[in-house]
Amino acid sequence: MSDIILYTTAGCHLCDQARSVLEPLARVNGLRWRTIDIADDPALVDVYGLRIPVIKVDGAEADIGWPFDEHALINYLQSHLPAD
């Protein structure tokens, strides 16, 4: 099973909102997810600095950036998580 990554940084209130969409969806569906603070890596700041929060399935080319709702996140995950 692939991990779901939430790119975030400290003090990001939109990241808190994204977490509130992702967390219950992941819990109900038994999905693993983790956060990565972009401030720890200058390359991630270059890629995601103006876009966070961003959710990406580890290994996928596409991601989903804020704003998104539960429906949009479900569609993204269904398209990018490998089938069991």
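The values are calculated or read from the model by the stated rules, or taken from the named source; none is laboratory data. In this text the structure is predicted, and so the values were computed from the model without any measurement. Cβ sites come from the backbone with ideal geometry, for glycine too, and all protein chains shown count toward neighbours. Note: areas computed on protein heavy atoms with side chains; ligands, DNA, RNA excluded. Shrake-Rupley method; radii C 1.70, N 1.55, O 1.52, S 1.80 Å.
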Length-normalised contact order of the range 3-84 in % [C-alpha pairs under 8 Å, at least 6 apart]
36 percent
In whole percent, how big is the carbon plus sulfur part of the accessible area of the range 1-51, probe 1.4 Å, protein atoms only?
53 percent
Degrees separating the helix 13-29 axis from the principal Cα axis of the chain, which is the longest one:
20 degrees
Would you mind checking the tilt of helix 70-80 against the longest principal axis of the Cα atoms of the chain, expressed as 0 to 90 degrees and rounded to 10?
80 degrees
Tell me the per residue accessible area of the chain using a 1.4 Å probe; a whole number in Å² is fine.
60 Å²
The local net charge around Ile5, scoring Lys/Arg +1 and Asp/Glu -1 for residues other than Ile5 whose Cβ lies under 15 Å from its Cβ, equals -3
